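The values are calculated or read from the model by the stated rules, or taken from the named source; none is laboratory data. Computed from a predicted structure; not experimentally measured. Every residue, glycine as well, gets a Cβ built from its backbone with ideal geometry; the counts of neighbours run over all protein chains shown.
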Amino acid sequence: MSTRCASLVPLDETTPPGSFVALPCVLVIGNFDGLHRGHQAVLREAVGHSRATGLSACVLTFDPHPASVVGAGAPPLLTTMDRRVELMGELGVEHVYVRRFDAAFAAWPPDRFARDLVVDALHARTVVVGQNFRFGARRAGDLALLRALGADLGFHARVHAVAHDERGPFSSTRAREAIAAGDLDELLRVLGRPHALTGAVVHGDERGRTIGFPTANLEGVAELVPPDGVYAVRVDGVQGEGKHLRPLADGVTNIGVRPTVGGDRRTIETYLLDFSGDLYGSRLRLHLVARLRGEQRFASIDELKARIVRDVADARAKLAGR
């Protein structure tokens, strides 16, 4: 299937003036790692406002994460930038501007951030930010300053409300805690969709093939990986830097060191149900729907095979209800 795509526009000090055309826009500013339900609510509201006013719906985000430059280090990644852009496009965002965050940019004073980037480069007419938004060198800019700069420069600043459920605000921190606990139900509540892992299929030791369960081994996964165990998944083929998806199959994914067969490194390998074909070199996205069990050591290969048969049946049952 094809998804509606937003355009990704990289920006840095070397971006030539006039190299892209920015239309007057509603500009939402943030990191958006996770694109959780709180982020989704903000973007839907901004898209609605853009359509009502005839403006373009745009996002300004940063790469790498600002905390990797001016903080204690970037938190574990929930979604890649390509995935974020894909999800934003599905919500109606037209353009995602990705400003390279480096020491030079971090030193910009708040007025330069607002004038040079928000207004002159991106032509924002409405700027949407979170309640704790800070900007400029040493986080000197706050909401009061943003509103004052907007009055001078010709944009209106809007603050979005924090979306929440009975357990509290939706947040990337809450999503990471759910992943660390292997709590996929809580993770679904926060994200509004299953957490996904994306990587390239590489050759493994092909041990699964010898016992009747050939697996696709994924490497290069950038997203935060849940605890070792067995998961029911839905599998997509990924084409065009994540902008086009092709549903392939349901599957059973094992994350761990494969103790029964003497594995010596952590792997992510998936047995695709009712599928045949060569996947080597392709990219897959695994949507983690349910955790079936923790990883176990079995006394023999026959015991392992019997348990995989049960895992396949359990996965089919879980996926049939989702």
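Which residue out of 201, 190, 230 is in contact (Cβ under 8 Å) with a residue 60 or more places away in the chain, within 23 Å of residue 261 (Cβ to Cβ), surrounded by 16 or more Cβ atoms within 10 Å (Cβ to Cβ) and touching a helix residue (DSSP H, G or I) at 6+ places or on another chain (Cβ under 7 Å)? Walk me through how you get there before you give the answer.
Numbers: 201 fails: touching a helix residue (DSSP H, G or I) at 6+ places or on another chain (Cβ under 7 Å); 190 fails: within 23 Å of residue 261 (Cβ to Cβ).
Testing whether each residue is in contact (Cβ under 8 Å) with a residue 60 or more places away in the chain, within 23 Å of residue 261 (Cβ to Cβ), surrounded by 16 or more Cβ atoms within 10 Å (Cβ to Cβ) and touching a helix residue (DSSP H, G or I) at 6+ places or on another chain (Cβ under 7 Å) leaves just 230.
Counting just the residues of the range 83-140 that are under 17 Å from the mean Cα position of the chain (by Cα) and assigned to a helix (DSSP H, G or I), which one comes out nearest to residue 16 (Cα to Cα)?
Here the answer is 85.
Can you tell me which of 115, 134 is at negative phi, touching a strand residue (DSSP E or B) at 6+ places or on another chain (Cβ under 9 Å) and surrounded by 15 or more Cβ atoms within 10 Å (Cβ to Cβ)?
On the way: 115 fails: touching a strand residue (DSSP E or B) at 6+ places or on another chain (Cβ under 9 Å).
Every option except 134 fails the conditions.
For the range 104-134, how many residues are in contact with a helix residue (DSSP H, G or I) (Cβ under 6 Å, 6 or more places away or on another chain) and of a type in the set (Gly, Ala, Ser)?
4
Based on this model, can you work out whether residue 47 counts as at pLDDT 95 or above and assigned to a strand (DSSP E or B)?
On the way: at pLDDT 95 or above: yes; assigned to a strand (DSSP E or B): no.
Considered against the rule, which asks whether it is at pLDDT 95 or above and assigned to a strand (DSSP E or B), residue 47 comes out as no.
If you go through the range 276-322, how many residues are assigned to a loop (DSSP other than H, G, I, E, B), out of contact with any helix residue (DSSP H, G or I) (no Cβ under 9 Å at 6 or more places or on another chain), touching a residue at least 40 places away in the same chain (Cβ under 8 Å) and not polar (S, T, N, Q)?
Residues in the range 276-322 being assigned to a loop (DSSP other than H, G, I, E, B), out of contact with any helix residue (DSSP H, G or I) (no Cβ under 9 Å at 6 or more places or on another chain), touching a residue at least 40 places away in the same chain (Cβ under 8 Å) and not polar (S, T, N, Q): 3 in total.
Quick one: is residue 247 under 21 Å from the mean Cα position of the chain (by Cα), surrounded by fewer than 16 Cβ atoms within 10 Å (Cβ to Cβ), modelled with pLDDT of 95 or more and assigned by TED's automatic domain parsing to the domain that holds residue 312? Break it down into steps so the answer makes sense when it comes.
Working: under 21 Å from the mean Cα position of the chain (by Cα): yes; surrounded by fewer than 16 Cβ atoms within 10 Å (Cβ to Cβ): yes; modelled with pLDDT of 95 or more: no; assigned by TED's automatic domain parsing to the domain that holds residue 312: yes.
No; evaluated as a whole, the condition is false for this residue.
Take the residues of the range 50-65 that are assigned to a loop (DSSP other than H, G, I, E, B) and surrounded by fewer than 18 Cβ atoms within 10 Å (Cβ to Cβ): which is farthest from the chain's Cα centre (by Cα)?
Residues of the range 50-65 assigned to a loop (DSSP other than H, G, I, E, B): 54-55, 64-65.
If we keep only those that are surrounded by fewer than 18 Cβ atoms within 10 Å (Cβ to Cβ) too, we end up with 54, 64-65.
Numbers: 54: 29, 64: 14, 65: 13 Å.
Among those that are assigned to a loop (DSSP other than H, G, I, E, B) and surrounded by fewer than 18 Cβ atoms within 10 Å (Cβ to Cβ), it is 54.
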